[in-house]
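Working notes, structure below.
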Amino acid sequence: MPYFKDADECNDILGGFFRQVSADVSNGDKDAVEIQTKMSGIGLITSFILRDPEITFTLDFTKNPFTVSVNSDSIVPTTTFSLIGDTGHKFWHGKVNLAKALTIKAIVARGPIPKILKLLPVIKPLYKKYPAYLRERGRADLALSE
């Protein structure tokens, strides 16, 4: 059974997490500000194109704080990551090795991927924040065990 029952739930949970991190930038959260700074430094606009459920999140780090758009065709991303929703959910728990996922095509990426891979250590704090966010939202059922 998939983690997200439909696109609305995925937007509420995963999209909500992205929106929370963006708000954390505004609130001066050290990790969120560092992510914003590093991603904006390379002019990153990234789209996560999810299947099952079908929804696209575009994070525009050229804005400060970064913006989160859902199913928008008006923003041209510099990178795209195509994956199933369950893989995205596991990724934000730190349970997906991106290099391996790219190799076996569990995630299909387009854009300056070597630059993105170098920035992976910057997003590492989000691997703890995502399950904490789920628990805070009353969705501990979606938090993967350690």
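The values are calculated or read from the model by the stated rules, or taken from the named source; none is laboratory data. In this text, all values refer to a predicted model and were calculated from it rather than measured experimentally. With ideal geometry, Cβ positions are generated from the backbone for all residues, glycine too; neighbour counts draw on all protein chains shown.
Tabulated data
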| quantity | calculated |
| --- | --- |
| Residue satisfying all of: in the stretch 83-103; charged (D, E, K, R) and touching a residue at least 12 places away in the same chain (Cβ under 8 Å); nearest to Ile49 (Cα to Cα) among these | Asp86 |
| Among (1) surrounded by 18 or more Cβ atoms within 10 Å (Cβ to Cβ); (2) at pLDDT 95 or above; (3) closer than 18 Å to Gln36 by Cα, the one test that Ile116 misses | (2) |
| Qualifying positions in the stretch 1-32 - closer than 14 Å to Thr67 by Cβ, in contact (Cβ under 8 Å) with a residue 60 or more places away in the chain and either aromatic (Phe, Trp, Tyr) or in contact with a strand residue (DSSP E or B) (Cβ under 9 Å, 6 or more places away or on another chain) (or both) | Val21 |
| Lone qualifier among Ala140, Ala106, Ala132 - being within 15 Å of Ile49 (Cα to Cα) and at pLDDT 95 or above | Ala106 |
| Options Ile35, Ile49; residue that is in contact with a strand residue (DSSP E or B) (Cβ under 7 Å, 6 or more places away or on another chain) and modelled with pLDDT of 95 or more | Ile49 |
